[in-house]
1. Can you pull out the residues in region 118-154 that are more than 18 Å from Y33 (Cα to Cα) and more than 14 Å from the ligand (Cβ to nearest atom)?
2. Please work out if R157 is of a type in the set (D, E, K, R), farther than 21 Å from T22 by Cα, within 16 Å of the ligand (Cβ to nearest atom) and within 21 Å of the chain's Cα centre (by Cα).
3. Quick check on region 150-159. Is at least one of its residues outside any loop (DSSP other than H, G, I, E, B) and in contact with a Ser or Thr (Cβ under 6 Å, 6 or more places away or on another chain)?
4. Considering (1) in contact (Cβ under 8 Å) with a residue 40 or more places away in the chain; (2) more than 12 Å from P44 (Cβ to Cβ), say which one A117 fails and leave the rest.
5. For region 87-114, name all the residues that are without any contact (Cβ under 8 Å) to a residue 12 or more places away in the chain and outside any loop (DSSP other than H, G, I, E, B).
6. Just to be sure before I move on: is A200 modelled with pLDDT under 95 and either more than 16 Å from the ligand (Cβ to nearest atom) or part of a loop (DSSP other than H, G, I, E, B) (or both) in the structure I sent?
7. Quick check: anything in region 24-41 within 16 Å of the ligand (Cβ to nearest atom) and outside any helix (DSSP H, G or I)?
8. Can you tell me which residue among S76, S53, S82, S89 is surrounded by fewer than 19 Cβ atoms within 10 Å (Cβ to Cβ), within 16 Å of the ligand (Cβ to nearest atom) and under 28 Å from L169 (Cβ atoms)?
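The values are calculated or read from the model by the stated rules, or taken from the named source; none is laboratory data. Here the structure is a predicted model, which is why all the values come from computation and not from measurement. Methodologically, a virtual Cβ is constructed for each residue, glycine included, from the backbone with ideal geometry; neighbour enumeration extends over all protein chains shown.
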Amino acid sequence: MENLTFQMPRIGDAAPEFKAVTTQGEINFPSDYKGKWKILFSHPADFTPVCTSEFMTFATMQKDFEALNCQLVGLSIDGLFSHIAWLRSIKDKIEYKGMKNVEVTFPLVEDISMNVAKLYGMLQPNESTTKAVRAVFFIDPKNMIRAMIYYPLSLGRNFDEIKRVLIGLQTADNFEIALPADWRPGDDVIVPPAGSCGVAQSRMDGEDGITCHDWYFCTKKLSKEDVESRLGK
Ligand code: BEZ
């Protein structure tokens, strides 16, 4: 089999650059969106049911992502005219779970050459040699890859989780804390580890505002309002 696994970007890497034709005109990624968060995501193919449900969900949530200073960019290994016809079909014909007349206004990249899919490790040949898997890249305002999620062809993504990851990344950056399992805004957050035996002891002695489960696992309150006031930055 031809080697189709060209590279897998990693967390902390600069987002690979590409120029592409999209349903919103030509783009230079990620430089056109410097200063914004970006979610670059791939889907296997146009005119397929799981992808259609995903696009309707993402487009319906687009305002939430814009409020978080985040630009959505989609991609599949299809041509521009296929993309245009599919997005028109979604808007004109598809009614699903209360969503209808859904207009997809974020760019959808044509990648018939597979160049971008290969650049981002979206083509995973043991899953498919012709269709991108369902990849999601979270890219920060400095154009660094901060998180990635990959799903197989058969499973639609959880868009609440995609939004939670974006909010979590922004919150961890803004408040210099870490976030525990299943964290949501309003839940307690994890303070940086004690850097000395003295700090470890004072935390265990009951440092103000900090709750320790043991010296290495300490949390503090962070209100939903405080989180929301800093999101999108
Ligand atoms: C879908 O989006 O429905 C789909 C695409 C490729 C393979 C299987 C399902």
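1. Restricting attention to region 118-154, the residues satisfying the condition of being more than 18 Å from Y33 (Cα to Cα) are 118-119, 121-135, 148-154.
Listed by number, the residues that qualify are K118, L119, G121, P125, N126, M148, I149, Y150.
2. Working: of a type in the set (D, E, K, R): yes; farther than 21 Å from T22 by Cα: yes; within 16 Å of the ligand (Cβ to nearest atom): yes; within 21 Å of the chain's Cα centre (by Cα): yes.
Criteria met by R157.
3. As a first pass, look at region 150-159 and keep what is outside any loop (DSSP other than H, G, I, E, B): 150-151, 159.
After this cut, where a residue has to be in contact with a Ser or Thr (Cβ under 6 Å, 6 or more places away or on another chain) as well, the list is 159.
Yes: one or more hits.
4. (2)
5. Scanning region 87-114 gives R88, D92, K93.
6. Yes; evaluated as a whole, the condition is true for this residue.
7. Pass one, region 24-41, residues within 16 Å of the ligand (Cβ to nearest atom): 41.
Next cut, outside any helix (DSSP H, G or I) only: 41.
Looking through region 24-41, at least one residue is within 16 Å of the ligand (Cβ to nearest atom) and outside any helix (DSSP H, G or I).
8. Details: S76 fails: surrounded by fewer than 19 Cβ atoms within 10 Å (Cβ to Cβ); S82 fails: under 28 Å from L169 (Cβ atoms); S89 fails: under 28 Å from L169 (Cβ atoms).
One residue alone meets the criteria, S53.
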